[in-house]
1. (i) 10.7; (ii) 11.6; (iii) 9.2: which one is mean projected area of the Cα convex hull in nm² as calculated from this entry?
2. How far is helix 17-47 tilted off the main Cα axis of the chain, in degrees rounded to 10, range 0 to 90?
3. Could you tell me which of the pairs 90/113; 58/155; 56/155; 40/105 are separated by over 20 angstrom between their Cα atoms in the structure shown?
4. If you line up the long axis of helix 108-131 against the longest principal axis of the chain, both from Cα atoms, how many degrees apart are they, to the nearest 10?
5. Among 142, 106, 44, which residue has its Cα positioned farthest towards the positive end of the charge dipole of the stretch 17-163, with +1 placed on the Cβ of Lys and Arg, -1 on the Cβ of Asp and Glu, and the dipole taken about the Cα centre?
6. If you fit an axis through the alpha-carbon atoms of helix 53-80 and take the longest principal axis of the Cα set of the chain, what angle between them do you get, 0 to 90°, nearest 10?
7. How much mean residue ellipticity at 222 nm does the chain get from its helices, if each DSSP H run of length 4 or more adds -39500 (n - 2.57) and you divide by all residues, to the nearest 500 deg cm²/dmol?
8. Taking neighbour counts of Cβ atoms within 10 Å as a proxy for exposure, in what order, fewest first, do 121, 96 appear?
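None of the figures in this text is laboratory data; all of them are computed from the coordinates on show. All values derive from a computational prediction rather than experimental measurement. Cβ: placed from backbone, ideal geometry, glycine included. Neighbour counts: every protein chain shown.
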Amino acid sequence: MKSFKYSIMKNSIEITAQNREGVAGDLGKILADEYVLYTKTRHAHWNIEGPNFLDKHKFFEAQFGELNGVIDTVGERIRTLGHYVDAMLKAFLSVTQFTAQKREKNDSQGYLKELLMDHETLIMSLRVNIPVFANEYHDLDNSDFITGLVETHEKMAWFLRSHLNN
């Protein structure tokens, strides 16, 4: 019986194999962060309690819906580069920069603050990668792609920030 072996698909997009591997690896870390952030947002959606339950339940649903689309797009970018996506939770948890927080209360302010902090952390790490993708990997398309992710997360952070009691 012949065994199946993963291999990188042949790709002729004028980016070296080494640079494609670097971009795919960095996109894999971004994918892990996006997936963990999605999961944390879904957690807030399911567990929110308090007088503003319905409003925040729907708000978190809209946010995780947007993140779901981002996740799919990042995974597809990795495949476009000719690499496979390691989408196992263990792989995500081994490279994500996010942690889960245990909380005593499932109130909206706690979830909003935590998710806002995570979006801002992701924005900062994405910004670091923009020049790396462009200058080190010579991949302007994926540099532009993650610039778009910054814009998406900036808007999501704005929405979170707008719900906070200052």
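1. (ii)
2. Its long axis makes an angle of about 20 degrees.
3. Check vs 20 Å cut-off fails for 90/113.
4. Tilt relative to the chain: about 20 degrees.
5. Value computed over the given set: 106.
6. Helix 53-80 sits at roughly 0 degrees to that axis.
7. Computed mean residue ellipticity for the chain: -24000 deg cm²/dmol.
8. Arranged by neighbour count, lowest to highest, 121, 96 become 121, 96.
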